[in-house]
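Enquirer: Dropping the structure in here first, questions after.
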Amino acid sequence: MAPSKKKHARNQSYSLPGGFTVLTLQFNSDSAAQHNLYVKEHKVRAEKSSHRPMDRTLFVLNIPPYCSEGIVKELFSQFGSVVSVELMDHPSSLQESGPKLSKFFKPVEKQGFKVGYIVFQKSSCISAAKSHPHNSPLVVCTEQRPVRTGVQKWIHKYTESFIQPENLQEIVDSFMKEYDKRKEEETERQRKEAEKQHEDEEGWVKVTRGAKVKARPHSEAVNKRTLQKEMKKKNRKELLNFYTWQHKNTQKEHIAELRKKFEEDKQKIALLRAQRKFKPY
């Protein structure tokens, strides 16, 4: 006997306008309440970063607070191999810059629903996630993956907040080593830029053998030298054209003064003629 159309429709995915697909989330197998996740293939033209490839990234909305990055990774691993999971308070195209800080030096995260970016190893995993049946919920808490909630969760967080001085010293030493290494690399890079872009007082650049540079590096030292060079050109131009400019202005002022006197003389002559006192000879 063939299955009914209603039963067949229940086994299909549920789509929404805007390209979103609804996935059902359930805390445990005994829970009657269900939660909806809204997933969509990540396609943002303005974002050109390589850590979120458009053909392998799934954008997820309405992730509950009890789902960490590890839990989300395990939930979506059933659709394929997951490369990375990124949870944020709101959609953003920015990636964290600078060193990766330890959890003891990070600010306290906001407790609330989040958005996520899940990067799969294959593009076919996105289709598998979007075609998941709506009536087959993803179970968060299982025997193999227990999730703490309520008082147990807060006790666990309180216990983890304590750290041994030896472990903290190791984390600090590791961070300082990375910081010193980055500072040395930055100093060496600035020194090489200064050697390549070294200019003498007359504006000549020393040319040496090496790889061709397609574009001038935009650094604070290079911008400062460029500004100084432009100021030198401007001052040199002002010194060369100063007297010519002054001479032209003086001529213009002299001609304007003559025209003014000529108009005043015309008015005086017209007044004398009206009074019959004008005697040119």
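Enquirer: Here are some residues: Lys6, Lys48. Which one is at pLDDT below 65 and over 32 Å from the mean Cα position of the chain (by Cα)?
Expert: Lys6
Enquirer: Between Glu69, Glu143, which is modelled with pLDDT of 85 or more and of a type outside the set (Val, Ile, Thr)?
Expert: Glu69
Enquirer: A further question on this structure: Looking only at residues in the stretch 146-195 that are closer than 30 Å to Asn28 by Cα and of a type in the set (D, E, K, R), which one is most open to solvent (accessible area, probe 1.4 Å)?
Expert: Arg148
Enquirer: Might you let me know whether the stretch 208-221 holds any residue that is open to solvent by 60 Å² or more (accessible area, probe 1.4 Å), touching a strand residue (DSSP E or B) at 6+ places or on another chain (Cβ under 9 Å) and modelled with pLDDT under 75?
Expert: no
Enquirer: Could you count how many residues in the stretch 115-145 are over 16 Å from Phe76 (Cα atoms) and loosely packed, with under 11 Cβ neighbours inside 10 Å?
Expert: Summing the residues that are over 16 Å from Phe76 (Cα atoms) and loosely packed, with under 11 Cβ neighbours inside 10 Å in the stretch 115-145 gives 1.
Enquirer: Among the residues of the stretch 92-111, are any at pLDDT below 90 and in contact with a strand residue (DSSP E or B) (Cβ under 6 Å, 6 or more places away or on another chain)?
Expert: Scanning the stretch 92-111 turns up no residue that is at pLDDT below 90 and in contact with a strand residue (DSSP E or B) (Cβ under 6 Å, 6 or more places away or on another chain).
Enquirer: Further question on the same structure: Conditions: (1) modelled with pLDDT under 85; (2) within 26 Å of the chain's Cα centre (by Cα). Glu160 meets all but one. Number of the miss?
Expert: Unmet condition: (2).
Enquirer: Can I ask one more? Has the stretch 164-187 got at least one residue that is outside any helix (DSSP H, G or I) and modelled with pLDDT of 80 or more?
Expert: Looking for residues that are outside any helix (DSSP H, G or I) and modelled with pLDDT of 80 or more, one finds at least one in the stretch 164-187, hence yes.
The values are calculated or read from the model by the stated rules, or taken from the named source; none is laboratory data. Quantities reported herein were computed from a predicted structural model and do not represent experimental measurements. Note that each Cβ is placed from the backbone with ideal geometry, even for glycine, and that neighbours are counted across all protein chains shown. For accessibility, only protein heavy atoms count, side chains too; no ligands or nucleic acids. Shrake-Rupley method; radii C 1.70, N 1.55, O 1.52, S 1.80 Å.
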